Amino acid sequence: GSKRCSRLLMPTQLLAQVRTELLRLACSEPCGLRGALLDLCVEHGKACHDVGHIAVDPTVVPTFQLTLVLRLDSRLWPKIQGLFSSGPAFTPLKLSTGFRVIKKKLYSSEQLLIEEC
């Protein structure tokens, strides 16, 4: 089916929390945050839907991958059940302040690091 379009509404404190966590995870990397590949996902029930992918600095060879998993405000669940069904629509969705970040080093076989916030 076709995907519906949505606007994600972000709580003001969420941006600061995400920024702090991404910088903390990047501080031990050779190129810092510039060496990151960032995948953005939104958790919808038990599924995770890709929103986008960013090479923080395309001129730098990536050394690690961060997957940022944002959560929808669970109080809105009945209003969004048909979000990914077919048919065009524009639905604003509010994000929760909770999220998780999964860090994967691209130059090492170390285990994944999952931070829950």
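The values are calculated or read from the model by the stated rules, or taken from the named source; none is laboratory data. Just so it is clear, the model here is predicted, and its values are computed rather than measured. Glycine also receives a Cβ, built like all others from the backbone with ideal geometry; neighbour counts cover every protein chain displayed. Accessible surface is based on the protein model in full, side chains and every heavy atom, while ligands, DNA and RNA are left aside. Shrake-Rupley method; radii C 1.70, N 1.55, O 1.52, S 1.80 Å.
Structure summary
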item	result
With DNA, RNA and ligands ignored, accessible area of Leu40 (1.4 Å probe; Å², nearest 10)	50
Accessible carbon and sulfur surface of segment 24-77 relative to its total accessible area, %, 1.4 Å	62
Probe 1.4 Å, all protein chains present, accessible-area order of Val42, Val51, largest first	Val51, Val42
Listed residues Cys27, Cys48 arranged by accessible area, highest first, probe 1.4 Å	Cys27, Cys48
Within segment 19-75, trypsin sites (Lys or Arg not before Pro) in DSSP loop having at most 11 other beta-carbon neighbours inside 10 Å	Lys46
Sequence of Leu70, Leu8 when ordered by accessible area, the most exposed leading, probe 1.4 angstrom	Leu8, Leu70
